[in-house]
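All remarks here apply to the structure that follows.
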Amino acid sequence: MNRSIEKIIQTIKVLEGGGFPVRRPFPTDELDQVDPFLLLDHLGPIEWGPGEAIGAPDHPHRGFETVTYLLAGETEHKDSGGHQGRLMPGDVQWMTAGSGVIHSEMPAPSFYEQGGKMHGFQIWINLPRDRKMIPPRYQDTPSEKIPEVLLEDGTSKVRVIAGEFQTTRAVIETNTPILYLHIKLQAGMNIVQPVTSDHNCMAYIIEGHGLFGAEKETQSASEGQLVLFARNGDEVCLSSGKDSPVELLLLAGRPFNEEIARYGPFVMNTREEILEAFQDYQQGKMGMIS
């Protein structure tokens, strides 16, 4: 059964990190979270001049995962565990903060000097109570290792960042069941994606506009809008318009239905655990970036 649409959310514009602008469908006053997803930020596309690009200097995380997906630009990351890497267009960094890590995400020196277009996404995914304090882990996955499925028109395609599309499985391992697809549909195309009936599911429109939901209740959504599907079926239907393509992210995950205490970069289950995270950070127990 095709899921119907519960609501369509418009993004708000906020400043993040060192002051770079993002579009955010949640958390906002209208939508706090889509369990287990805690945050979705759409960076850009923005053109930076030479010496203008901004990143996110050293900051802590505990109790959840951050997933960075770069579409354009070049960034570098470092952490207090000694990890260091560079993200290029199409690359994915899946960081499990777990028990705690200090993290830095900045424009690569060459990009900062020359300027250019920066475009990408960061998504925060909660960890269940019994996995919040697992050791931190990085999965840096270059673009060429992200599976891609070409559809029957020979142009439309689906990148499988997490989960499965048709018979193609992602290479990234997740702590809980997650579906993360980057979908580009040319005009007049549609797909039906199975989604486990008890999982929350949503689509974020990157560009263009598309049609979503069951046939008799189809709704349209455009760039910068989030489509939240109702949990009343085991598949979702996505289609582009007859005359226009659509590009989107499709996300789904099993909700934990647990109490959440969150403050800034820490997401735990109780206020006491948040206070403990602050104390550990202030006492240097999460390390430092050398």
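Out of all the residues in segment 263-272, which are more than 24 Å from the chain's Cα centre (by Cα) and either assigned to a loop (DSSP other than H, G, I, E, B) or surrounded by 18 or more Cβ atoms within 10 Å (Cβ to Cβ) (or both)? Passing the criteria: only T270. Contact map, segment 16-37: first residue within 19 Å of F64 (Cα to Cα), second residue of a type in the set (S, T, Y) and surrounded by fewer than 20 Cβ atoms within 10 Å (Cβ to Cβ), Cβ cut-off under 8 Å, separation 6 or more or different chains; pairs are P36/T176.
Between T196, T141, T176, the distinction of being within 16 Å of R254 (Cβ to Cβ) and within 16 Å of the chain's Cα centre (by Cα) belongs to T176 only.
Residue-by-condition table, conditions (1) in contact (Cβ under 8 Å) with a residue 40 or more places away in the chain; (2) of a type outside the set (S, T, Y); (3) surrounded by 14 or more Cβ atoms within 10 Å (Cβ to Cβ):
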{"residue": "G163", "(1), (2), (3)": "yes, yes, yes"}
{"residue": "R169", "(1), (2), (3)": "no, yes, no"}
{"residue": "N200", "(1), (2), (3)": "yes, yes, yes"}
{"residue": "L211", "(1), (2), (3)": "no, yes, yes"}
{"residue": "A214", "(1), (2), (3)": "yes, yes, yes"}
{"residue": "L226", "(1), (2), (3)": "yes, yes, yes"}
{"residue": "G241", "(1), (2), (3)": "yes, yes, yes"}
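Residues that are in a strand (DSSP E or B) and over 17 Å from the mean Cα position of the chain (by Cα) within segment 1-14 comprise N2, I5, E6, K7, I8, listed in sequence order.
Taken together, the values in this text are just the output of simple stated rules run on the coordinates, not laboratory data. The shown structure was predicted, so the numbers you read here are calculated from the model rather than taken from an experiment. Please note: Cβ atoms are built from the backbone with ideal geometry, for glycine as well, and neighbour counts cover all protein chains shown.
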